[in-house]
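Trainee: This is the structure I want to talk about, given as structure tokens.
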Amino acid sequence: MRLFKNRGDIYIPSTKLKSDLEQKILFGVLSFIVSFTLVFVLIVGIKYDFSFKSFFKPKNLNNTEISETKNLPSVKGKNNFLFILKNEDMQEIYVLTLIQVDMDNLSYKVCSFKGDTEVEGVTINDIYKKGNAGNAVQAVSTLFSIEIDYFIDQNVKQYEDMFDYMGDINYTLTEDIKYKDNSYYGFNIKLNNGNQNINGSKASKLIRYYMIQENYDKVNEIFYTALTQQINPENYRIKEKHFSRLIDNSVTNITIRDFNEGIDTMTVLSDETTGPNVYGVSPVYENHSILSSSVDDIRGYFVK
């Protein structure tokens, strides 16, 4: 019998036998619905993670509950280096390159210029021949009114050996290069446009080629590409060997004490989680003199 006439009315069976049978059917249907619902929720929950904790989890939180971060040392300060690349008989400087390691802004700054740059009417080449690296450092410091902390003076063979020891770099050429220098210290270079694997010999030839072309931007690019690729975790692990080789393959004022004090800097720069920025500035010449406006521009990169 029905207690109400509308949809949803309560139904009361007229006999007990009929009531028992209908109850069994209703309970069976209800059990099936509940079981199906539980299985469905379980499957969807596993796929989409409907847990209570997940519901309140911020959208920008990583899946890893606890992420391990390296505690790199905090290093500040700026150091200026002067790199000198010359021929084997020390009669000619091919390139002088200023490099600043800026730990305040985690960056490398590079400026390359030629050996016959004049300082107060005398070329740096001539100044170098009279007093070697020390006098050249003083001349560059005077030219740009900056402090130079360290210098590295290498001939081509020493540079190539050191470069190879630290490993080749990947460098992209934007043009085919084919050049032959027939002078006493001449060289030949032939490289195709595109990505190239550059070893020490190719690097020194590219530097000399671009210096002859007065393409200082490209020379800078080779230097800071080498810095960013060769200062890496693998080379950091054998940093003592690299320093020993540097001492054997160059004239430098970098001491063991300087090396030890710079370990924190090397730790940060070589870590794979850090990516130093790179900046290059090129000189603008009038004959053999850098224009005063260009000197000011370069100084701005290397003041501390």
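The values are calculated or read from the model by the stated rules, or taken from the named source; none is laboratory data. The structure presented is a predicted model; accordingly, all values stated were derived computationally and were not measured. For neighbour counting, all protein chains shown are included, and Cβ atoms are generated from backbone atoms with ideal geometry for every residue, glycine included. Ligands, DNA and RNA are stripped out before the accessible areas are found, and what is left, the full protein with its side chains, is counted by its heavy atoms. Shrake-Rupley method; radii C 1.70, N 1.55, O 1.52, S 1.80 Å.
Trainee: Of the residues that sit in the range 154-189 and are assigned to a helix (DSSP H, G or I) and among the aliphatic types (A, V, I, L, M), which one is farthest from Tyr94 (Cα to Cα)?
Mentor: Within the range 154-189, the match that is farthest from Tyr94 (Cα to Cα) is Met166.
Trainee: Check off (1) surrounded by 18 or more Cβ atoms within 10 Å (Cβ to Cβ); (2) more than 29 Å from Asn125 (Cα to Cα) for Pro233 and give me the number that stays unchecked.
Mentor: Result: Pro233 fails condition (1) only.
Trainee: What number of residues within the range 257-304 satisfy the criterion of being open to solvent by 60 Å² or more (accessible area, probe 1.4 Å), part of a strand (DSSP E or B) and in contact (Cβ under 8 Å) with a residue 60 or more places away in the chain?
Mentor: 2
Trainee: For residues that are at positive phi and over 32 Å from the mean Cα position of the chain (by Cα), scanning just the range 100-141, find the one that is most open to solvent (accessible area, probe 1.4 Å).
Mentor: Per the stated criteria, the residue is Glu120.
Trainee: How many residues are touching a Phe, Trp or Tyr at 6+ places or on another chain (Cβ under 7 Å) and open to solvent by 20 Å² or more (accessible area, probe 1.4 Å) if we restrict to the range 175-187?
Mentor: 2
Trainee: Scan the range 221-245 and report the pairs whose first residue is at pLDDT 95 or above and whose second residue is part of a helix (DSSP H, G or I) and of a type in the set (Val, Ile, Thr), with Cβ atoms within less than 9 Å and a gap of 6+ or a chain change.
Mentor: So the pair list comes out as Ile222/Ile207; Phe223/Ile207; Tyr236/Thr267; Lys239/Ile263; Phe243/Ile256.
Trainee: Provide a single number: the residues in the range 142-154 that are aromatic (Phe, Trp, Tyr) and surrounded by fewer than 21 Cβ atoms within 10 Å (Cβ to Cβ).
Mentor: The total comes to 1.
Trainee: Does the range 66-99 hold any residues that are under 17 Å from the mean Cα position of the chain (by Cα) and closer than 22 Å to Val156 by Cα, and which are they?
Mentor: Once the filter is applied, which keeps residues that are under 17 Å from the mean Cα position of the chain (by Cα) and closer than 22 Å to Val156 by Cα, the range 66-99 yields only Ile99.
Trainee: Kindly indicate whether Asn60 is modelled with pLDDT under 95, farther than 21 Å from Val156 by Cβ, open to solvent by 30 Å² or more (accessible area, probe 1.4 Å) and within 31 Å of the chain's Cα centre (by Cα).
Mentor: On the way: modelled with pLDDT under 95: yes; farther than 21 Å from Val156 by Cβ: yes; open to solvent by 30 Å² or more (accessible area, probe 1.4 Å): yes; within 31 Å of the chain's Cα centre (by Cα): yes.
Yes, satisfied.
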